[in-house]
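So the structure is just underneath, and the comments pick up after that.
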Amino acid sequence: MLMAYGSPKRIEDVPAYYADIRGGRPVRPELLEELTHRYRRLGIEDSNPLNEITERTRAALEQELGLPVFTGMKHWTPRIGDAVEIALAGGAQTIVGLVLAPHYSRMSIGGYRAQVEEALADRAELLFVERWHDEPALVELWAKQLRGTDAHVVFTAHSLPGRILDDGDPYQAQLLETATAIAQAAGVTDWSFSFQSESATGEPWLGPDILDHLEALHAQGQTHVLVAPIGFVADHLEIRWDLDTEAQEKAKELGLRLERADMPNDDPAFVAALAEIVRRVLAVRSAT
Ligand code: FEC
C-alpha cells in the first residue's frame, strides 16, 4: 500500500478536498478562494499532474517488486480505506504500508497509520513503515544534486504546529538528521534548515518559515540559495506554489538567486529505494 497526501482531481473538487483536510472544522471562505486560485494558477482544471506522478510511481514500484501495489490517499481518492478493501478482495494476507513522506510525526505518518489500521480492522497482517528518513539511497538522491554547489543550501519540510514538540514528537529531529546526512554526503558545509507551507490555523507553527528565512539569508549577505525540499518527494502544490511561485517571488524582490533541487517523483533510483524498503520489511518478517 503506497500512501500519499492526495490532491484534488479537478478544480471543482477543491472545496471537498479542503473540507477533508480540515476534518470537519470550519473552512474560512477567503482561504478556500485562495486555495482554488493557487490550483487554477498551476493549471489544474480538469486533470492534475500530481496524481499522474503518484500513479507512475505506483506502477514502477509494482513492476520493480513483482507484487501488487495499491495507492491510498489520505485526503482524496482513491482513499486509503478503499485501497485496503481492494487489497483484501484480491486475497492479501499481509500488507506493507509505505507513506510517500519520509519523516514521522503523529500528525503526518501517524495519521496515515491510523487510517490503514481502522480500515483493516485486523483482517490482515500490517507491516507499517514508520519512517525512512535515513534511507541511504534517499540521502544519495539529494546529495548528488548538491555536490559541488557554491550556493547556500536550505533544506525544507512542511511545518507543523509547534505544540508537537511538547509531546516529544520526533519529526523535527528526524528532519535535521536527514539534512545533516545529506550535507555530509554532498560535502556541503554552508547550509541551514527552514520550514515551509505553514497553515493559517491561528496557533504558532515550527519555524523559521522559508520566506522569513530568505530575508535573513539576504541580510547576512547570501546571494545564491539552493533549496532542497527533503520533507517531500514529489512535485505538488507545496513545491510548485510555495517554493516555485511564492519563495521565487520573494527571492526576486530581494535580488537573491534561488534554485530548487529536483523532486524524486518516479525517478528509477527513487523507486528502487522504495522497493528496497519494502523488501527489507518482508525479509525481516520472514526471518521471525
Ligand atoms: O498538491 C497537492 O494538491 C497537495 C499538496 C500537499 C502536501 C501536503 C503535505 C503535508 N501537509 C502536512 C500537514 C498539514 C496540516 C495542515 C495542512 C493543510 C494543507 C492544505 C493543503 C495542503 N495541506 Fe498539508 N499538504 C498539502 C496540501 N497540511 C491544500 C489546506 C490549505 C492550507 O492550510 O494551506 C493544516 C490542516 C488544518 O487546517 O487543520 C497540519 C504535512 C505534510 C507532509 C507529509 C505528507 O506529505 O503527508 C505534515 C503534499
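The values are calculated or read from the model by the stated rules, or taken from the named source; none is laboratory data. This one's a predicted model, so the numbers in the text were calculated from it and none came from an experiment. All Cβ positions, even for glycine, are placed from backbone atoms using ideal geometry, and neighbour counts span all protein chains on display. These accessible areas exclude ligands, DNA and RNA; they are computed on the full protein's heavy atoms, side chains included. Shrake-Rupley method; radii C 1.70, N 1.55, O 1.52, S 1.80 Å.
Summary table below
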read-out: Condition met for residue 65 (more than 15 Å from the ligand (Cβ to nearest atom), within 24 Å of residue 276 (Cα to Cα), free of Cβ contacts under 8 Å to residues at least 40 places away in the same chain and over 18 Å from the mean Cα position of the chain (by Cα)); value: no
read-out: Residue within the stretch 55-65 that is more than 20 Å from residue 263 (Cα to Cα) and open to solvent by less than 70 Å² (accessible area, probe 1.4 Å) present; value: yes
read-out: Given (1) out of contact with any His (no Cβ under 9 Å at 6 or more places or on another chain); (2) small (Gly, Ala, Ser); (3) within 16 Å of the ligand (Cβ to nearest atom), number of the condition residue 216 does not satisfy; value: (3)
read-out: Condition check for residue 110: assigned to a helix (DSSP H, G or I) and within 13 Å of the ligand (Cβ to nearest atom); value: yes
read-out: Residue check for residue 191: open to solvent by 10 Å² or more (accessible area, probe 1.4 Å) and within 19 Å of the chain's Cα centre (by Cα); value: no
read-out: Residue, farthest from the ligand (Cβ to nearest atom), within the stretch 130-154, restricted to residues that are open to solvent by less than 10 Å² (accessible area, probe 1.4 Å), out of contact with any Pro (no Cβ under 6 Å at 6 or more places or on another chain) and not in a strand (DSSP E or B); value: 151
read-out: The lone exception for residue 288 - which of (1) free of Cβ contacts under 8 Å to residues at least 40 places away in the same chain; (2) open to solvent by 50 Å² or more (accessible area, probe 1.4 Å); (3) farther than 28 Å from residue 127 by Cβ; (4) more than 16 Å from the ligand (Cβ to nearest atom) it fails; value: (3)
read-out: Matching option when the condition is away from the ligand (no atom under 14 Å from the Cβ) and surrounded by 18 or more Cβ atoms within 10 Å (Cβ to Cβ), among 164, 95, 86; value: 95
read-out: Residue list for the stretch 1-36, restricted to those being open to solvent by 30 Å² or more (accessible area, probe 1.4 Å), more than 11 Å from the ligand (Cβ to nearest atom) and under 25 Å from residue 265 (Cβ atoms); value: 10
read-out: Flag for residue 47 being among the polar types (S, T, N, Q) and within 22 Å of residue 175 (Cβ to Cβ); value: no
read-out: Some residue of the stretch 222-245 being over 17 Å from the mean Cα position of the chain (by Cα) and small (Gly, Ala, Ser); value: no
read-out: Meets criteria (within 10 Å of the ligand (Cβ to nearest atom), touching a Gly at 6+ places or on another chain (Cβ under 9 Å) and either open to solvent by less than 20 Å² (accessible area, probe 1.4 Å) or not in a strand (DSSP E or B) (or both)) for residue 157; value: yes
read-out: Subset of the stretch 234-255 (residues that are more than 8 Å from the ligand (Cβ to nearest atom) and among the small types (Gly, Ala, Ser)); value: 247, 251, 255
